[in-house]
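Trainee: Mind having a look at this structure? Questions to follow.
Just so it is clear, none of the values below were taken in a lab; they were calculated from the coordinates. As the structure is a computational prediction, the values presented were derived from the model and not from experiment. Here the Cβ positions follow ideal geometry from the backbone for every residue, glycine too, while neighbour counts run over all protein chains shown.
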Amino acid sequence: MSGQSSFHYYLNWAKERIDEMDAALASLENKASEVQADLRTKSTQALAELRKKRDEFQDAARKQAEANDAAWASIKAQLDSDWTQFESELDKYVATFGEQVKQQQATFKLQAEAQIKAWRDAADKLNAAATEFAGERRGDIDTMVGRMKADATQADERLQKLSQAGTASWSAMMNALNETRAAFDRANQSARDAFRKAAS
């Protein structure tokens, strides 16, 4: 059990990013036909580059699925860099081809939904894994899972308010996603620590 619980953190972390990448790409691809004809070729190339970055990230994460903490720690720095590059390319795409506020809001909404789904999926997986523990050790994990679910609800409420406001800038929407993503990472790390403590 200790091997599996130790890498839940990394799998949850990677899955959350992949889900956001997929959501952003789905939103952009849905609106690609609305890009002005003279910019469509560049738009198609930029989308292809975003898909490529997502695929590379996903492949690297999949290769690590059964790896131990040391292997994940060594690849996580590269995946962090890959994620940052994807975000940067996404920002460039939206600035160049998605100037319409509706496109920005649609992309934000899908990314926010993907992020919240990743939170809930992670909490459900951790809750299911907690059944292997008994008594006091299980209580600590249950408390942490409850906190993770509550944090997910707070993040969801915050992102929903921003989405419904409709007047937020792209940078404000991305800052909100970054803040809730960081909160997810902290909650996920707490879960990892609780599992390690319970397994020892």
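Trainee: Kindly indicate which of F184, F195 is under 19 Å from E16 (Cα atoms) and part of a helix (DSSP H, G or I).
Mentor: Step by step, each of F184, F195 is checked, and only F184 is under 19 Å from E16 (Cα atoms) and part of a helix (DSSP H, G or I).
Trainee: Something else: Somewhere in the range 72-82, is a residue within 26 Å of K31 (Cβ to Cβ), without any contact (Cβ under 8 Å) to a residue 24 or more places away in the chain and not β-branched (V, I, T)?
Mentor: no
Trainee: A168 fails exactly one of the following numbered conditions: (1) surrounded by 15 or more Cβ atoms within 10 Å (Cβ to Cβ); (2) assigned to a helix (DSSP H, G or I). What is the number of that condition?
Mentor: Among (1) surrounded by 15 or more Cβ atoms within 10 Å (Cβ to Cβ); (2) assigned to a helix (DSSP H, G or I), A168 violates only (2).
Trainee: Mind checking which residues of the range 58-94 are buried (at least 20 other Cβ atoms within 10 Å of the Cβ) and either in contact with a Leu (Cβ under 6 Å, 6 or more places away or on another chain) or β-branched (V, I, T) (or both)?
Mentor: V94 - this is the single residue of the range 58-94 that is buried (at least 20 other Cβ atoms within 10 Å of the Cβ) and either in contact with a Leu (Cβ under 6 Å, 6 or more places away or on another chain) or β-branched (V, I, T) (or both).
Trainee: Among the hydrophobic types (A, V, I, L, M, F, W, C), buried (at least 17 other Cβ atoms within 10 Å of the Cβ) and in contact with an Asp or Glu (Cβ under 8 Å, 6 or more places away or on another chain): which single residue out of A155, A191, A130 fits that description?
Mentor: A130
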